[in-house]
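Here, each number is a calculation from the coordinates, and none is a lab measurement. Remember, it's a predicted structure, so these values are computed and weren't measured experimentally.
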Amino acid sequence: MDSLSRRYISNGLAVNLAKYATNSLNSPVPVNDVKKYVKSILHSKWQSQWDHKDTNKLHSIKRLIACWPSLPIRKLDAFLTTLRVGHTRFTHRHMLLGEPAPLCTACQSQMIVLHILFECPQLLPLFLYRS
Ligand SMILES: [Zn+2]
């Protein structure tokens, strides 16, 4: 197929698409309604994939794929995200240095954000009295 034939076919395709778009504008269903419908289908499929992926360790942190509300101060928002994900310099520095994971001095559990903030019976009173 020479370039003239290809151009003729692509021009024909463009004309057909333009006719289709023009006809769809005359459709009784508004374009915004179609967009919302397609968006809701894609959102539910994405949520379904998020829910059924076996190796999704972030699912326990974020069950819904909708956006988290963001804080107005960027630095605080980034800090909150690192806590949510559980990857802080304190808890993951050992991976970069090739050292063993740090252990809690109170109960000898692995030092992870979840343990520090919620699980450790020795550290929990520290956080309760701060607020
Ligand atoms: Zn502990």
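For Lys53, a cut-off of 16 angstrom between C-alpha atoms picks up these lysines, skipping any fewer than 8 places away in its own chain: Lys45, Lys62. Rounded to the nearest Hz, the phi-derived 3J(HN,Hα) couplings of region 37-49 under the Karplus curve 6.51 cos²θ - 1.76 cosθ + 1.60 (θ = phi - 60°) are 5, 4, 4, 5, 5, 4, 5, 5, 5, 5, 4, 5, 5, where x marks glycine and proline. Dimensions of region 26-110 along the principal axes, based on C-alpha atoms and rounded to the nearest Å, stand at 69, 34, 23, largest first. Across region 49-131, Cα pairs under 8 Å and at least six residues apart give a relative contact order of 16 percent.
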